[in-house]
Amino acid sequence: MRFSVFLNARSMRPEDDRQLMRDLESHAVKAAGQGFSAIFMPDHHFNGYMPVASDSFIFAGYLAAKLPHMHFGFSVVSVPLHHPVRFAERINILDQLTDGKLLVGIGSGTTPEEMIGFAVNYKEAGAVAEKNLQLAEALWAKEMEDPAIVIDNGPHQGRVLQRIAPASYTPRHARLMPVAMKEASMRRAADNAWPAFIPAFTPPVIGGTEPFVHVKKYFDAYHGALTGAGHSDEAVSAALDWTTHTYQCVHVAETDEQAREELEIILRAYQDAIEREAEFNARAEGDDANKKTDRTPNALTEDWIGTWCLYGSPETVIEHLKPYQDLGIGNILCGTTTGPLTEERLRLADQTLDLMSEKVMPALAKSPVAA
């Protein structure tokens with residue numbers, strides 16, 4: 001089992017954006033020096049959710065120059081919001097800059113507010129995402145003299161005559177990471193021998209106190225399809241090595257009591273940020289084309305904590321993760337900066353990195369330099 005850091009902090013004011021970017025850079029550098037395997041970033045727009053998430057490809061390229069031994073990932077790219085040409089080009093550039101140490105999570109997006117900013121209807125996001133992925137595959141495969149590829153997909157239009165440049169570092173293209181929830185997404189990961197994100201809930205309920213039940217269900221389906229797809233043992237092992245379970249908030253302290261107390265402080269600030277954004281989300285859902293069909297519980301409820309949080313003393317965290325390790329989860333993605341990134345929040349984030357590195361990871365982790 002390896003461990004990665006998810007840079008998922010929020011900024012509450014425009015004047016805080018610059019400091020947050022610098023603090024995330026420092027946090028990523030610290031994680032890289034403490035044995036974490038990768039830095040993952042979200043892809044979000046408009047709502048203050050990690051300001052550099054408006055173009056995490058740029059931030060990943062910046063960090064990759066400072067941390068050449070690290071893997072970089074996205075959790076996840078909202079595919080409908082990206083023109084397929086720019087999607088393919090940016091991935092190829094990062095694939096080259098990281099020498100193939102790139103993991104591109106893909107999904108159809110979760111927020112109507114973001115969709116309307118890019119002229120995508122929320123109800124059509126899944127279909128736009130699917131066609132964008134088909135177009136990206138065609139663009140990656142296109143050679144100079146092949147027929148032009150016509151792009152006609154909702155707001156995304158164009159006609160590509162030549163090829164995508166630069167070429168990819170990885171044969172075909174960098175590894176994509178679907179979320180193994182829908183059958184089609186799970187099959188895409190398994191058929192291509194790609195890693196997958198393994199969810200801990202089943203919609204429309206986004207939460208609950210028995211996450212392992214859901215993780216096992218989705219992992220078993222993915223694992224069965226992966227091993228049954230005719231790949232080499234090496235390809236299967238490489239996919240499982242990066243198959244990921246995500247915790248939006250990871251917090252470790254010396255005792256369980258301290259960890260719970262500090263977690264609730266973190267989550268109260270996080271929930272305040274969510275509620276501030278709710279007004280704008282409601283405006284975005286003003287018509288049927290952009291109505292969400294699922295709702296996430298309040299972050300201070302046991303349902304949210306049970307699904308999205310990993311917390312406690314190092315000993316408690318190790319015991320919690322052992323069943324996931326036994327199941328075959330290769331990578332634990334740790335949201336260590338959840339919520340507004342104040343000076344105190346950053347101190348608690350660094351505390352978690354220290355205790356994970358000193359006590360949790362030696363009991364469970366594999367070498368961060370593995371491919």
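Some values worked out for this structure:
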item: Chymotrypsin sites (Phe, Trp or Tyr not before Pro) within segment 1-94, DSSP loop, no more than 16 other Cβ atoms inside 10 Å; result: PHE46
item: Leading residue at positive end of dipole, the chain (Cβ point charges), from GLY228, ASN290, PRO199; result: GLY228
item: Gyration tensor verdict on segment 113-171 (Cα atoms; rounded if a/c is under 1.5, prolate if a/b is larger than b/c, oblate otherwise); result: prolate
item: Gyration tensor (alpha-carbon) shape descriptor, segment 1-126, a/c threshold 1.5; result: oblate
item: Relative contact order [Cα under 8 Å, 6+ residues apart], segment 225-349, whole percent; result: 47 percent
item: Neighbourhood net charge (11 Å Cβ-Cβ; Lys/Arg +1, Asp/Glu -1) for ALA225; result: -1
item: Dipole magnitude of the chain about its Cα centre (Cβ charges: Lys, Arg +1; Asp, Glu -1), debye to nearest 20; result: 820 debye
item: Local electrostatic count at GLY312 - Lys and Arg +1, Asp and Glu -1, tallied over other residues with Cβ under 9 Å; result: -2
item: 1.4 Å probe accessible area per residue over segment 240-369, in Å²; result: 42 Å²
item: Above-threshold pairs, the threshold being 24 Å between Cα atoms, out of LYS131/LYS291; LYS182/LYS291; LYS182/LYS359; LYS101/LYS359; LYS182/LYS217; result: LYS182/LYS359; LYS101/LYS359
item: Alpha-carbon Debye profile of the chain, log10 I(q)/I(0) at 0.07, 0.08, 0.11, 0.12 Å⁻¹; result: -0.29, -0.38, -0.74, -0.90
item: Under Karplus coefficients 6.51, -1.76 and 1.60, residue-wise ³J(HN,Hα) of segment 344-354 in Hz, glycine/proline x; result: 5, 5, 5, 4, 5, 5, 5, 4, 5, 4, 4
item: Of all accessible heavy-atom area on the chain, the percent that carbon and sulfur account for (1.4 Å); result: 53 percent
item: Whether segment 178-219 is rounded, prolate or oblate, judged on the alpha carbon gyration tensor where a/c under 1.5 counts as rounded; result: prolate
item: Span from the segment 271-349 Cα centroid across to the segment 93-157 one, whole angstrom; result: 26 Å
item: Relative contact order of the chain, defined on C-alpha pairs under 8 angstrom at six or more residues apart (%); result: 22 percent
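The values are calculated or read from the model by the stated rules, or taken from the named source; none is laboratory data. It should be emphasised that the depicted structure is a prediction, and the values quoted were computed from it without experimental measurement. Methodologically, a virtual Cβ is constructed for each residue, glycine included, from the backbone with ideal geometry; neighbour enumeration extends over all protein chains shown. Note: accessible area is taken over every heavy atom of the protein model, side chains too, but ligands, DNA and RNA are not part of it. Shrake-Rupley method; radii C 1.70, N 1.55, O 1.52, S 1.80 Å.
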